[in-house]
Amino acid sequence: MALKIYPVSENFNPERPLSEKIISTDNMVVVHFYLKAGQKIPLHVSKSEVLVTVLRGKGKFYYQDENTYEVLEEEESLFYPAEEPHGFEAEEDMIVQAVISPNPQK
């Protein structure tokens, strides 16, 4: 059965980034991150592959270290292979969708 994902809400918190699990299966998880300008998801490593897409706003998407990054704007995506350090920082209020596969919690 198909599942429609409804329009993105704006769940910003002025003190810290927020995340919202949109869908989770045995094979993948889709998460939305809500960051106010200047907020950051620090560098971290995952055993899964990650595809991030900017739904709203603009930010720096780090890979390997904080000196190596791509600036992404709305509708742009970046793929991170498994085990690659990655993180991101909002230059403007930003909503990011991350598709993570395989689901790291399964």
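Observations
- Flag for residue 50 being outside any loop (DSSP other than H, G, I, E, B), within 27 Å of residue 14 (Cβ to Cβ), out of contact with any Ser or Thr (no Cβ under 9 Å at 6 or more places or on another chain) and of a type in the set (Val, Ile, Thr): no
- Among the conditions (1) open to solvent by 80 Å² or more (accessible area, probe 1.4 Å); (2) within 12 Å of the chain's Cα centre (by Cα); (3) modelled with pLDDT of 95 or more, the only one that residue 62 does not satisfy is (1).
- Yes/no for residue 98 being crowded, with 18+ Cβ neighbours inside 10 Å, at negative phi and not charged (D, E, K, R): yes
Residues are listed down the side, and each one gets a yes or a no for (1) within 28 Å of residue 3 (Cβ to Cβ); (2) outside any strand (DSSP E or B):
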{"residue": "20", "(1), (2)": "yes, no"}
{"residue": "33", "(1), (2)": "yes, no"}
{"residue": "43", "(1), (2)": "no, no"}
{"residue": "46", "(1), (2)": "yes, yes"}
{"residue": "88", "(1), (2)": "yes, no"}
{"residue": "103", "(1), (2)": "yes, yes"}
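- Single unsatisfied condition, residue 82 versus (1) small (Gly, Ala, Ser); (2) touching a Ser or Thr at 6+ places or on another chain (Cβ under 8 Å); (3) in contact (Cβ under 8 Å) with a residue 40 or more places away in the chain: (3)
- Every residue from the range 65-79 that is surrounded by 15 or more Cβ atoms within 10 Å (Cβ to Cβ) and within 20 Å of residue 20 (Cα to Cα): 78
- Conditions (1) open to solvent by less than 40 Å² (accessible area, probe 1.4 Å); (2) within 17 Å of residue 100 (Cα to Cα): number failed by residue 27: (1)
The values are calculated or read from the model by the stated rules, or taken from the named source; none is laboratory data. Predicted, not measured: the structure shown is a model, and the values here were computed from it. Positions of Cβ are backbone-derived with ideal geometry, glycine not excepted, and every protein chain shown enters the neighbour counts. Heavy atoms of the whole protein, side chains included, go into the accessibility calculation; ligands, DNA and RNA do not. Shrake-Rupley method; radii C 1.70, N 1.55, O 1.52, S 1.80 Å.
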